[in-house]
Amino acid sequence: MDRMPAWADVVLIPLISLILAAILSALAILAIGESPAEAFYLMVDGALMRSSGWGYTLYYATNFIFTGLAVSVAFHAKLFNIGGEGQAALGGLGVALACLYIPWPHWSLALLGSAVGAAAFGALWALIPAYLQAKRGSHIVITTIMFNFIAAALLNYLLVNVLRPVGAMEPASASFAAATHLPTFQSMFSSEGNTLFRGSPANITFFIALIACVFVWLLIWRSKLGYEIRSQGYSESGAKYAGISPSRIIIIAMLISGALSGMMGVNATQGAAGRLILNSAEGAGFIGIAVALMGRNHPFGVLLASLLFGFLYQGGAELAMWTSIPRELIIVIQALVILFTGALDNMVRWPLEALFARLRKKEA
Amino acid sequence: MTLMTKFLSAAATGLALAATSAVADPALIYDLGGKFDKSFNEAAFNGATKWAEDTGGSFKDIEITSEAQREQALRGFAEKGFNPVITTGFSFSTPIANVAADYPDINFVTIDGFVDPAEHPNVLSVLFSEAEGSYLVGMLAGMESKTGTVSFVGGMDIPLIRKFACGYAQGAKAVNPDIKVISNMTGTDPSAWNDPVKGSELTKAQVDQGSDVIFAAAGATGLGVLQTAADNKVFGIGVDSNQNYLHPGNMLTSMLKRVDLAVADAMTAGADLETGVHVLGLAQDGVGYAMDEYNADLITEEMKAAVEDAKAKIISGEILVHDYTADDTCPALSF
């Protein structure tokens with residue numbers, strides 16, 4: 001079978017999938033008696049036409065970049081890391097411990113410390129399933145899923161019994177000291193008399209996410225380790241023949257993957273909430289899977305897909321606020337996008353491949 | 001062309017939407033459990049709906065879907081001039097504390113949450129004495145039980161729910177010191193509020209252990225608890241809203257938490273809302289037990305008299321119901 005041109009694979013297929021998802025969403029909105037055009041306008045207006053909207057879009061996107069990169073790094077080694085949620089939750093815990101128990105003099109040092117904490121905790125949480133896969137053959141999909149639940153239970157225990165300030169009702173840690181607060185986009189980009197990104201949670205972590213994209217690109221395509229990871233992904237027996245230890249690659253790839261997921265905690269826990277809350281990962285670990293699928297496991301694709309999902313999240317919030325579209329339908333819209341771009345990829349791919357094959361035959 | 005006009009008209013509607021909502025209507029933000037949980041959030045919705053019907057007023061509401069939306073929704077409503085902005089659930093305390101100072105002209109209301117009134121003069125914290133109401137339904141459970149075992153199914157294992165369980169156990173032990181109280185929590189993450197299947201399994205396990213009165217304080221999970229209790233011909237006790245109608249004959253009563261009244265009161269006060277901290281207990285009719293045509297045959301005169309007597313004594317201070325959240329311990333139940 002002839003391959004399609006690269007641009008069709010990278011641009012055309014996601015675009016057609018998106019349009020299909022948008023058409024179905026529009027039908028669903030019509031069916032409950034709202035105007036799809038108005039809904040689309042509200043989403044665009046709320047997410048992209050104001051700096052405060054961008055602040056939320058970029059905040060969500062930052063989370064998705066980290067978890068999306070995490071999934072794609074593991075995927076290059078043919079490991080399906082579904083445990084991003086748990087690893088991100090543990091990353092949040094690492095951030096919280098670093099911020100609560102170390103008296104940081106300045107936010108830049110606190111950022112370094114909490115990033116190390118987040119990456120270490122996330123990586124360690126991924127290490128156990130990785131070890132079980134590498135040495136015991138327990139399937140990584142099953143173990144990482146189960147570790148999500150263990151992480152949720154562990155965090156709940158810690159927040160209810162250990163970290164919660166006495167007398168507080170909410171299962172959340174105390175607020176972090178002011179010195180650990182990261183600069184938000186509002187404080188970074190506002191000038192006197194012109195407040196930008198007002199009240200939005202986007203913060204300096206966004207730039208760390210961009211750096212992480214570059215780092216992952218260098219790692220996968222420009223380093224020896226990345227070559228080994230990709231070799232393992234293409235063919236484990238081939239890699240083994242070339243002297244690459246599969247168990248070593250499994251463990252290293254999962255450690256990097258877990259560390260990237262954990263880094264999400266810097267954005268959500270230190271940057272936005274300023275304390276550790278229950279469910280701090282908020283499903284971003286799972287969205288990361290869709291982001292990685294849609295972004296074709298390439299950092300730049302992950303970045304674009306993250307922006308799209310950030311837009312969907314923020315636009316969805318605007319819809320919930322100003323229309324009577326119920327939140328369940330907004331989840332349906334988000335799910336349609338995931339379904340078409342991720343799961344139903346071949347539905348668009350096969351006809352397109354056939355089309356390109358026919359075009360090529362004609363040329364010949 | 002038609003698409004263009006459609007888009008323009010949509011844009012115009014969007015603008016109109018922004019323009020018309022600058023009046024001082026109240027706004028209501030539900031917690032993650034959602035508007036139609038047949039319990040806590042729905043009570044708020046019912047209170048708001050009743051207020052709108054009675055006064056002809058209108059209100060705007062939103063069901064949030066993520067933690068980051070808490071502050072976002074608060075700011076969104078405050079910026080458009082909605083007043084007061086009412087929230088349900090204790091998780092709104094910190095977001096309100098973060099936001100309130102930026103909008104000094106808007107009043108915020110947190111139901112179940114607590115925001116220090118000294119720091120934020122434009123916030124009203126409405127708290128309920130759930131322990132007192134749970135104590136009364138615990139007494140009813142203790143008097144009704146034939147097996148000498150009653151039980152409790154909580155939603156997510158958090159201090160607030162332990163407060164319900166602790167009050168319930170104290171009430172049951174007040175009428176029968178030898179009674180056995182079983183307590184189970186559905187889960188440790190927020191999905192525990194919406195897991196009727198697991199609630200049903202826990203209920204079956206409790207019935208197998210001999211429990212014949214089961215108090216559910218678990219949001220939508222409680223629907224599974226009450227259903228299973230009715231299926232096994234034992235008694236269920238509802239929570240927050242009056243849930244007696246769900247299974248007539250098998251619902252002993254419901255522990256009322258009058259979130260609806262708190263919401264309606266705040267909406268009636270409007271921009272003139274009196275801020276500070278309000279604790280609604282038995283004395284204020286903020287909590288209580290439900291009596292209606294569905295359970296009139298189940299509650300005998302003696303039971304009612306005993307409960308009314310205890311209610312009066314709690315109000316006068318003669319009976320002190322221990323509040324779990326005061327020191328994170330419970331004399332009547334171990335978790």
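The values are calculated or read from the model by the stated rules, or taken from the named source; none is laboratory data. From a predicted model like this one, the values you see are computed outputs, not experimental measurements. Counting neighbours? That spans all protein chains shown, and the Cβs are built from the backbone with ideal geometry, glycine included. With ligands, DNA and RNA removed, areas are computed over all heavy atoms of the protein, side chains included. Shrake-Rupley method; radii C 1.70, N 1.55, O 1.52, S 1.80 Å.
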- [ ] For an R0 of 25 angstrom, estimate the FRET efficiency from the Cβ-Cβ distance between B:ALA271 and A:ILE32 and round to the nearest 0.05.
- [x] 0.15
Task: Candidates B:TYR168, B:TYR289, B:TYR245: whichever shows maximal mean-square fluctuation once chain B is modelled as a Gaussian network with Cα springs under 10 Å - done: B:TYR245
- [ ] Work out which residues of the range B:57-87 lose at minimum 30 square angstrom of accessible surface when the other protein chains are put back, relative to the chain isolated, with a 1.4 angstrom probe, and list them by number.
- [x] B:LYS60, B:ILE62, B:GLU63, B:THR65, B:SER66, B:GLU67, B:ALA68, B:GLN69, B:GLN72, B:ARG75, B:LYS80
Task: Share, in percent, of DSSP beta bridges within the protein assembly as shown that are antiparallel, nearest 5 - done: 15
Task: Förster radius 60 Å - calculated FRET efficiency between B:GLN284 and A:PHE215, Cβ distance, rounded to 0.05 - done: 0.55
Task: Angle between chain B longest axis and helix B:40-55 axis [Cα atoms, degrees, rounded to 10] - done: 60
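Using a 1.4 Å probe and counting only protein heavy atoms, arrange A:LEU308, A:LEU20 so the residue with the most accessible area comes first. Could you put the intermediate results ahead of the total?
On the way: A:LEU308 35, A:LEU20 60 Å².
I get A:LEU20, A:LEU308, largest accessible area first.
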- [ ] Report the extension gain between A:ALA6 and A:ILE102 in nm, rounded to one decimal, defined as 0.36 nm multiplied by the number of residues separating them, less their alpha carbon distance.
- [x] 29.6 nm
Open item on the list: How far apart, in nanometres, would the label points at A:ALA354 and A:MET188 be if each is projected 7 angstrom from Cα along the Cα-to-Cβ direction?
Closed with: 4.8
Open item on the list: At R0 = 51 Å, how high is the FRET efficiency between A:ARG222 and B:ASP116 if r is their beta carbon distance? Nearest 0.05 is fine.
Closed with: 0.45
Open item on the list: Taking a cut-off of 25 Å, what percent of all Cα-Cα pairs in the range A:1-136 are separated by more than that?
Closed with: 55
Task: Separation between Cα centres of the range B:117-190 and the range A:205-282, rounded to whole Å - done: 46
TODO: Would you mind checking which residues have amide H under 5 Å from B:MET251's amide H? H placed 1.01 Å from N; only 5 or more apart, or other chain.
DONE: B:GLY236
Task: Accessible area of chain B divided out per residue, in Å², using a probe of 1.4 angstrom - done: 39
TODO: Work out, in µm²/s and without decimals, the Stokes-Einstein translational diffusion coefficient of the protein assembly as shown at 20 °C, 1.002 mPa s, Rh from Kirkwood over C-alpha pairs.
DONE: 79
- [ ] Would you be so kind as to identify all helices of chain A, as entire DSSP H runs, whose Cα atoms reach 18 Å or more along the helix's own axis and whose mean Kyte-Doolittle hydropathy is at least 1.0?
- [x] A:13-31, A:84-101, A:107-131, A:140-158, A:205-222, A:246-265, A:299-322
TODO: Just the number, please: carbon plus sulfur as a percent of the accessible area of the range A:59-300, 1.4 Å probe, no ligands or DNA/RNA counted.
DONE: 69
Task: Near-label residues of the range B:220-238 by backbone N, under 20 Å of a point 7 Å along Cα→Cβ of B:ASN176 - done: B:226, B:229-238
Task: Helix-derived mean residue ellipticity, 222 nm - over chain B, DSSP H n ≥ 4, -39500 (n - 2.57), to 500 - done: -13500 deg cm²/dmol
- [ ] Run the quick spin-label model on A:ARG50 and A:ARG198: label points 7 Å from Cα toward the beta carbon, then report their separation in nm to one decimal.
- [x] 0.8
TODO: Name the residue, out of B:ILE86, B:ILE299, B:ILE111, whose mean-square fluctuation peaks in a Gaussian network model built on chain B with Cα pairs under 10 Å.
DONE: B:ILE299
- [ ] Please identify every one of the GluC sites (Glu not before Pro) in the range A:190-260 that sits in a loop by DSSP and has no more than 12 other beta carbons within 10 Å of its own beta carbon.
- [x] A:GLU192
Task: Tilt relative to chain B, helix B:196-208 - C-alpha long axis, 0 to 90 degrees, to 10 - done: 10
Open item on the list: At a probe of 1.4 Å, how much accessible area disappears from chains A and B on forming the pair, both sides counted, to the nearest 100 Å²?
Closed with: 3400
Task: Theoretical gain in end-to-end length, B:LYS50 to B:ALA305 [0.36 nm per residue, Cα-Cα removed] - done: 88.6 nm
Open item on the list: I need the fraction of alpha carbon pairs in the range A:59-300 separated by more than 28 Å, rounded to a whole percent.
Closed with: 31
Open item on the list: Can you tell me the orientation of helix B:130-144 relative to chain B, as the angle in degrees between its alpha-carbon axis and the longest Cα principal axis, to the nearest 10?
Closed with: 30
Task: Complex-versus-alone comparison for the range B:131-177, residues with a loss of 40 Å² or more in accessible area, probe 1.4 Å - done: B:PRO159
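Quick one: in chain B, what % of C-alpha pairs are over 25 Å apart?
Value for chain B: 52 percent of Cα pairs lie more than 25 Å apart.
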TODO: On a C-alpha basis, how far is the centre of the range B:261-335 from the centre of the range A:73-115 in Å? Whole number, if you could?
DONE: 44
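Over the range A:55-187, average the accessible area per residue using a 1.4 Å probe and give it in Å², no decimals.
Values: 4910 Å² over 133 residues.
That works out to 37 Å² for each residue.
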